[in-house]
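Shown next, in structure tokens, is the structure this report addresses.
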Amino acid sequence: MDSEHWRAVITAAQAGDRRALDELVAGWLPLVYNIVGRALNGHADVDDVVQETMLRAVGNLGSLRDPDSFRSWLVAIAMRQIRDRARRKTPDRLEEAPASDFADLTVLRLQLEGQRREVAEAVRWLDDEDRQLLSLWWLEVAGELTRRELAAAVGITRQHAAVRVQRMKERLETLRGIVRALDGACPGLRELTGRWDGRPDSVWRKRLARHIRGCGYCGGTRETVVPAERLLVGIALVPLPVGFTLSLAFGGKTAVAATSAGWSAKLLGALTKPAVAVTAGATIVAGGAYVVTQPPDAPPPRAAIAPTATATSEPPRTSAPPAPTPRSSPSATKKTDPYGTVVDAVDRAPDADTPPAALPRRPESGITSTGGPKAVMQHRGDRVTLTGRGYVLVRWQISPGSRPGALVMPSWTGLKGRLFHVASGGSRRMDDPLPGAPNGYATGMGGPGIGYAVLPPGTQQMWQNEYFYLDGTVNLTQNERGCDYGLIVFPTDRDAVVEDIGQGPPQGAIRYGLVRDTGTDSAPVPQYVTRETPADPATVPQRSRV
């Protein structure tokens, strides 16, 4: 960043210029978000720690004597808030699962592939102290921080920082080996991880590292391993999630503290005036609420569409809830939402005795598949190309008994034309209880006896049979990594869809199916779909625009 420019902006903000303050917050919030997000690995407390950091920085800006030291000063505040958060939390709260795994966010939002993805995913295995240091070192090698600023933020000398960084890098290389091994097909490793829930922890880190050291398959390097610092050079910051809200409202003790720190009455007044200032995709509105929006040249925001009939917005039992997304009324959706701007919402399964809504009719001339009438995709990288106009069935076969853990979803790439998610059936959702299930299974997602398949946060729970309508061509790729699963892909027709979803409890099924097709261009677009053709289809974002 241009030091002369930021020196002028900081000086103006200290003097009470509201627009300068707006620019300051907009420019430096992404840096703070990346430090905190990576240090806490996307824990639910990330937003709170980011907000407290920025609030303290804004509240104490008047006490900053040298504008050139702003970045190291801000980073030091962020690190103090991270450490304070750790001291405030009880052990059980510290072990909570992340609200949105920052390693996954890094891979998806920055489209990382190969060994860069491997480094990002290895981060989740680090201990808290190493992860905090890595959150700064990552930005150092990416060109966002200096070694002097890293050392100052941690509160140690540059020489001590060099020693700690070197030790952390050595541990990171070991963890990259774990990520690489889990991506492989070692039978011994599959047996070892048979009862693993897919969540990284210190116990499994030791077990896996011990296995790799003694395993010729996992320990053998099949490609040149590039040092992590060379992989991370020049990588951009993970962008802020759209809709991220930061409240900078002053009141009570906060206002007093800000005044005593040297803030002018003019600046405090500007923060509470009913005015709006917009710069660089950021907004400070009445009361000092800072909201990250999309810049003027960005595509229009997506509106989340609730599935039809009885499906309502509620997290599935096997994944964390997504960030709240504004909903549009059905009438407004039909008028304003063009094709490709909506995706499935995470939903609750309908009551078992609720018949599905009527399935709209769409033109059918038939679908051809490069996999033939029944394409079986059981391994990562298996792909089928579908072409034509008509319906497609994707049948799920999840195998947590073979290897449980995080499930990387399949993706639709190279889309030409249109693709809709029209219905879900097969008599059950994958997380429905399975009466009399053998070998430790409680549901199609697994059970206590074998471990569970775990969906990425915000992912729509699958049914045994998922139906789609294609008018064009698209590739469907199996991205298995972590939990084992297979897909069977059938070209089908509307009559078969209606027959399947109409099977319910009276016929011995667990529940009726669910219709999602609205019959218009506002019908749900599948998650993990893109018109691009990335080298690694597993990097397709969960909520793409098409």
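A few remarks follow.
- Exclusive hit being open to solvent by 10 Å² or more (accessible area, probe 1.4 Å) and either out of contact with any helix residue (DSSP H, G or I) (no Cβ under 9 Å at 6 or more places or on another chain) or modelled with pLDDT of 90 or more (or both), set Q115, Q159: Q159
- No other residue among P67, P30 is open to solvent by 20 Å² or more (accessible area, probe 1.4 Å) and farther than 21 Å from L240 by Cβ apart from P67.
- Residues of the stretch 411-453 classified as touching a strand residue (DSSP E or B) at 6+ places or on another chain (Cβ under 6 Å), under 28 Å from L386 (Cα atoms) and open to solvent by 10 Å² or more (accessible area, probe 1.4 Å), total: 7
- Of all residues in the stretch 182-200 being without any contact (Cβ under 8 Å) to a residue 60 or more places away in the chain and of a type in the set (A, V, I, L, M), the one that is least open to solvent (accessible area, probe 1.4 Å): L189
- Candidate set: the stretch 350-407, residues that are farther than 18 Å from R429 by Cα and acidic (D, E); chosen: the one most open to solvent (accessible area, probe 1.4 Å): E364
- Residue within the stretch 55-75 that is in contact with a strand residue (DSSP E or B) (Cβ under 7 Å, 6 or more places away or on another chain) and under 26 Å from L133 (Cβ atoms) present: no
- Restricted to the stretch 506-542, and to residues there that are of a type in the set (K, R) and buried (at least 20 other Cβ atoms within 10 Å of the Cβ), the residue that is farthest from R418 (Cα to Cα) is R511.
- Condition met for P350 (within 30 Å of A185 (Cα to Cα), at pLDDT 80 or above and not hydroxyl-bearing (S, T, Y)): no
- Residue-level analysis places V179 outside the set of residues that are open to solvent by less than 60 Å² (accessible area, probe 1.4 Å), more than 17 Å from C483 (Cα to Cα), in contact with a Lys or Arg (Cβ under 9 Å, 6 or more places away or on another chain) and aliphatic (A, V, I, L, M).
- Search result, residues across the stretch 1-42 that are among the basic types (K, R) and more than 23 Å from A153 (Cα to Cα): R18, R19
- Annotation note: Cβ proximity below 6 Å between a residue of the stretch 49-62 that is farther than 18 Å from A20 by Cβ and a residue that is at pLDDT below 85 and in a helix (DSSP H, G or I) (sequence gap 6+ or interchain) occurs for V49/R85.
- Among the candidates L150, L139, the residue that is surrounded by 15 or more Cβ atoms within 10 Å (Cβ to Cβ) and more than 25 Å from the chain's Cα centre (by Cα) is uniquely L150.
- Among the residues making up the stretch 362-373, those that are of a type outside the set (V, I, T) and more than 32 Å from the chain's Cα centre (by Cα) are R362, P363, E364, S365, G366, G372, P373.
- Across the stretch 475-505, the number of residues qualifying as of a type in the set (F, W, Y) and open to solvent by less than 30 Å² (accessible area, probe 1.4 Å) comes to 1.
The values are calculated or read from the model by the stated rules, or taken from the named source; none is laboratory data. Please read all numbers here as calculations on a predicted model, not as lab measurements. Don't worry about glycine lacking a Cβ; one is built from the backbone with ideal geometry, like all the others, and counts go over all protein chains shown. Ligands, DNA and RNA are stripped out before the accessible areas are found, and what is left, the full protein with its side chains, is counted by its heavy atoms. Shrake-Rupley method; radii C 1.70, N 1.55, O 1.52, S 1.80 Å.
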